[in-house]
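The values are calculated or read from the model by the stated rules, or taken from the named source; none is laboratory data. In this text, all values refer to a predicted model and were calculated from it rather than measured experimentally. Note that each Cβ is placed from the backbone with ideal geometry, even for glycine, and that neighbours are counted across all protein chains shown. Note: accessible area is taken over every heavy atom of the protein model, side chains too, but ligands, DNA and RNA are not part of it. Shrake-Rupley method; radii C 1.70, N 1.55, O 1.52, S 1.80 Å.
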Amino acid sequence: MVHQRADSRIEWWKCCSIYQIYPRSFQDSDGDGVGDLNGLLSRVDYLAWLGVGAVWLSPVCRSPMRDFGYDISDYTDVDPLFGTLADFDRLVEALHERNIKVILDVVPNHTSDQHSWFVKSRSSRDDPKRNWYVWADPGPHGGPPNNWLSRFGGSAWEWDARTEQYYYHAFLREQPDLNWHNPEVRSAFADVLRFWLRRDVDGFRVDASAVLAEDPLLRDEPPNPDFDSETPPPEKFNRVFTDARPETMSYIEEMRAVVEEFSDRALLGEVQGGIGRIGQFYDGERPRFHLPLNFLLLDTDWHAATLAAGIDQYINAIPDGAWPVWILGSHDKPRIASQLGLAQARIAAMLLFMLPGTPIFYAGDEIGMPNAMISSEDARDPFEALVPGYGLNRDPERAPMRWDSSEKAGFTTGEPWLPLGDHVEERNVASQQGDRRSLLSLYRQLIALRQTEPALVAGRFQPLRSERGVLLFERCSDDKRLLIALNTRDSSRTCPLQSAGALRLNTHLDRKDERVESQLHLRSNEGVVIEVLTSSA
Ligand code: GLC
């Protein structure tokens, strides 16, 4: 089924639903237990069937895989584990043939310590690449230059015995930070972007983009007043001098200018700092990201009142006219189906696609994939080894995709790099494709509804009073009003309605074309989309 664009005058990154793929875990084609590009190629028809308009691929560049591809040793080549540049080109072509855009994850903040730039940089203080990374002398009392902490634990400074200076790493010590204050670095990275833009990628997701620049004075970070025994040690200080610096904003503007050398491309940004800071990453007079990623739905308590408040805060925090974006899953956050349970995962899906803005979900969310249970000893994620005991392991959400209920779930013929996890029997693509009421069917119908109803893409968002656990809002175009009612509770609810309506879709997928009069009855965990019939919009 080819879905019609809701409105072809609106940019693609506003119209489409975006699907994040972690290539290691999507589909293996050569039996080594790790997903690859040819595996992904064999699944493009599934993506078209599902109706997604764009895929965002986590990094596939050459990498020693200390951080599973977020530590890049060559920005302009594909890692042999995933395939070749020719495989990449074939994949882009196959996706484009199906009207699916391709968004590539790029990692500008840091390289791998194996990258030739860093190898040169650390070779001598006089090397022309020395200043491509952040080097500093020991602090006044010896030891690291200041109190900056790595997000992955311990000091963010690593001593280099040969050249007798420290280098800075916001993440692993094997991920040295590039020195974005250096124009040569910015120009080299602009060429990296151009390399992929010429290979026809439609956009980038810019990794860790808020932390590109550090304070040149290397001032100490202030203590985090909320720090207590339950806070992971890397959060001991507030990141004032290393996060969202003014210079970072201008470096993002430069990246945007590079992307705009090509037509119809988009920049997504991983930005930290919560809702308070999100506005500054937007497309304004000095354009930054088209879509600064918003994790509110994953980070919020799941109550109608809290959700209504969070949505309101977010909508008010972004500049007038800015385009919202919502994320329901990622390779860095626990799975929504495990956080909320399957019944509320349906509510979350309906919310995602009915809210104003671009919806992004993570491969496997559409079949309700749970977190895989992985013990600390078996963890592959370095975060768990470096900051143990805080539940930070990201392996559970990185478990392989399940395509069917066979022994290896159709993911590989070999031994999967991470365990598959529980409930493979029912939570797999094949069984849910054959079930008209499955979560997968719901995702497909929600995506299709958003694609065919202009009110859901460019329509106004009208919040309503949310009471007794039912989140209520409307999406309105000039000639249509859609009422969305989501019961976040495990018991039934009745809501008074001001006008009669026709039920378009419900999360259980068992009601259709029903007329709803003055009272709306919602079963426990039920969400509905209703077309308001009588009063004008
Ligand atoms: C981003 C990625 C995460 C990675 C980190 C360091 O936050 O999403 O997976 O570990 O950057 O590159």
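Quick notes on this one:
- Filter pass, Gly279 being part of a helix (DSSP H, G or I), surrounded by 14 or more Cβ atoms within 10 Å (Cβ to Cβ) and touching a residue at least 40 places away in the same chain (Cβ under 8 Å): yes
- Among the helices (runs of 4 or more DSSP H) confined to the range 290-397, the ones with at least 2 residues that are more than 17 Å from the chain's Cα centre (by Cα) and not basic (Lys, Arg) are located at 304-317, 336-340, 342-354, 382-386.
- Condition met for Gly203 (within 22 Å of the chain's Cα centre (by Cα), modelled with pLDDT under 95 and assigned by TED's automatic domain parsing to the domain that holds Val55): no
- Positions within the range 123-147 being over 20 Å from Thr111 (Cα atoms) and surrounded by 14 or more Cβ atoms within 10 Å (Cβ to Cβ), in sequence order: Pro138, Gly139, Pro144, Pro145, Asn146, Asn147
- Qualifying positions in the range 64-82 - at negative phi and not in a strand (DSSP E or B): Pro64, Arg66, Asp67, Tyr70, Asp71, Ile72, Ser73, Asp79, Pro80, Leu81, Phe82
- Among the residues of the range 244-264, at least one is assigned to a loop (DSSP other than H, G, I, E, B), within 30 Å of Gly143 (Cα to Cα) and more than 19 Å from the chain's Cα centre (by Cα).
- Residue that is farthest from the chain's Cα centre (by Cα), among those in the range 83-116 that are within 14 Å of the ligand (Cβ to nearest atom) and in a strand (DSSP E or B): His110
- Index of the failed condition, Ser338 passing every other in (1) open to solvent by less than 30 Å² (accessible area, probe 1.4 Å); (2) away from the ligand (no atom under 16 Å from the Cβ): (1)
- Only one entry of Ala188, Ala170 meets the criterion of being crowded, with 19+ Cβ neighbours inside 10 Å and of a type outside the set (Asp, Glu), and that entry is Ala170.
Per-residue answers, yes or no, for (1) surrounded by fewer than 17 Cβ atoms within 10 Å (Cβ to Cβ); (2) within 16 Å of the ligand (Cβ to nearest atom); (3) closer than 14 Å to Glu97 by Cβ:
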{"residue": "Leu37", "(1), (2), (3)": "no, no, no"}
{"residue": "Leu40", "(1), (2), (3)": "no, no, no"}
{"residue": "Leu47", "(1), (2), (3)": "no, no, yes"}
{"residue": "Arg66", "(1), (2), (3)": "no, yes, no"}
{"residue": "Ser73", "(1), (2), (3)": "no, yes, no"}
{"residue": "Thr76", "(1), (2), (3)": "yes, no, no"}
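- Count of residues meeting criterion [surrounded by fewer than 21 Cβ atoms within 10 Å (Cβ to Cβ) and either at pLDDT below 95 or among the basic types (Lys, Arg) (or both)] in the range 455-476: 5
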